[in-house]
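Asker: Below you'll find the structure I mean.
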Amino acid sequence: MSKEQEFDIFHNNYIYEKADQIFITVLPKIEEIKDNCIFVLDTNALLVPFATGSESLDEIGKILSKLKEQKQLIIPDQVAKEFANNRPKKIGEMFQTLNKKRNGINDPKIGSYPLLEKLDGYRDVLEIEKKIKDILKEYNKAIGKLVDTVKDWTWDDPVSKLYRQLFTPEIIYLLQFERSEVIEKLRYRYKHKIPPGFKDGGKEDEGIGDLLIWFSILEIAQKYQKNIVFVSGDEKTDWYHRSDNIALYPRFELLAEFKNKCNSLSFHIIKLSELLTLMGAKDAVVSEVKIEEQLESDLELSRYSTPNYILADRAVYLYYKKMYDAVFLPKKDIGDFDFEYLDQIGKRVPVNVILINDSISTAMRRTRDKLIKMIHRNLESNFTYEFVIVTSNQEINTSELITKLRMEIYNLFPLTQAYDLRIYAGFLDEKNIFTPIA
């Protein structure tokens, strides 16, 4: 075994360098340090305003501006880079939603029925039809203007304009490091599951982003000798201790490492909504931000490659949340279902959302990938599994599609005949609300 492959059985010495401090570690309340700390913003906190209203954006701007004036606001350069990479996805979601609305409403047309021409009801229908067409024409024209505006955005959307005023170079912290040294630390930490960031170790960049942000936080605390409040919506297990899929409090390993480097200073993590509450923001603004944070956290939007998947999965998830008392995300990154729910008899049922806009072959390919992962788990014969086929094209014959899909599944995977395999279908309306098809 090479040295690089060896597991360090003494890695706890790296985590808990000062074991004599473990039992006496005490964190002050954030309310006690809010006027004498530095708020460090994470990427996900910067992306939340893209899904909020103008009032919330204004309120967020006022609070961040106040923190900047008080020299309490810093953004790590890694966060700025991640924002630059993720901003186009947020704009893309907005563009796709607007464009879909523009193309999703068809002109009403009752058709030609000469036999009915002398009936008052028929003439009334034609007159109303004409009015609706005129209104739709104006509506589509207005939507078209919005689509063109969003399409022409470079860095002049409302959120980016606000950030351009606020995030001037002096509050961006530039981390200096040797690449080889960071890579060595990265691989050691991830091998021994030392937080933060090891949950992202499977990414192409080996999840180095979280580690660079963490190193920036440590340097900022040391440089300014200030308590740090990290404003982040990331609730993965490499940042938080969790129970029943709920984030409880920051990993103790993080607090220990922070103490090792920064002595008497303290480290805290809060969400953007909690920062707004702390700074006295309006209840309506806090509520709107909380909703968006919950959606982002629940659906782990970074798993999806296109805005289409985001819309479909979000819509189905919200539908199930309304229908059932208990809906859960996978506790581990097993990757073979999107979420689970408890049915009326208390049985835990995994659900996968399959988005299609064209043919059964697309649905079959995506379903096959999910089934392979499921079958490899050697599930018991009475296992229940649900697929929800989502389409924005209401002209697709979903009944025929489900029948063919089920037959192909049983032919390809005979073992699934022993399962309680449920396949449902539905569509997204112009407001991206999921409606099941009977």
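Asker: From the residues in the range 417-438 that are touching a strand residue (DSSP E or B) at 6+ places or on another chain (Cβ under 8 Å) and either over 20 Å from VAL316 (Cβ atoms) or of a type in the set (A, V, I, L, M) (or both), which one is modelled with the lowest pLDDT?
Answerer: Ranking the qualifying residues of the range 417-438, first place goes to TYR419.
Asker: If I ask for residues that are part of a helix (DSSP H, G or I), crowded, with 21+ Cβ neighbours inside 10 Å and touching a helix residue (DSSP H, G or I) at 6+ places or on another chain (Cβ under 6 Å), which ones from the range 261-285 would you list?
Answerer: Once the filter is applied, which keeps residues that are part of a helix (DSSP H, G or I), crowded, with 21+ Cβ neighbours inside 10 Å and touching a helix residue (DSSP H, G or I) at 6+ places or on another chain (Cβ under 6 Å), the range 261-285 yields LEU272, SER273, LEU276, VAL285.
Asker: Further, regarding this structure: Could you tell me whether any residue of the range 296-306 is out of contact with any Cys (no Cβ under 9 Å at 6 or more places or on another chain) and at pLDDT 80 or above?
Answerer: Scanning the range 296-306, I find no residue that is out of contact with any Cys (no Cβ under 9 Å at 6 or more places or on another chain) and at pLDDT 80 or above, so the answer is no.
Asker: Out of the range 1-27, which residues are more than 18 Å from LYS261 (Cβ to Cβ) and modelled with pLDDT of 75 or more?
Answerer: Across the range 1-27, the qualifying residues are GLU6, PHE7, ASP8, ILE9, PHE10, PHE23.
Asker: Scan GLU93, GLU82, GLU59, GLU127 and give me the residue that is part of a helix (DSSP H, G or I), closer than 19 Å to LEU166 by Cα and either at pLDDT below 85 or open to solvent by 30 Å² or more (accessible area, probe 1.4 Å) (or both).
Answerer: GLU82
Asker: Would you be able to say whether some residue in the range 262-272 is under 24 Å from the mean Cα position of the chain (by Cα) and at pLDDT below 90?
Answerer: no
Asker: For LYS66, state whether it is surrounded by 12 or more Cβ atoms within 10 Å (Cβ to Cβ), at positive phi and at pLDDT 80 or above.
Answerer: no
The values are calculated or read from the model by the stated rules, or taken from the named source; none is laboratory data. The structure displayed is predicted, hence computed values, not measured ones. Note that we place each Cβ from the backbone using ideal geometry, even for glycine, and neighbour counts take in every protein chain shown. Just the protein is used for accessible areas: all its heavy atoms, side chains included, with ligands, DNA and RNA removed. Shrake-Rupley method; radii C 1.70, N 1.55, O 1.52, S 1.80 Å.
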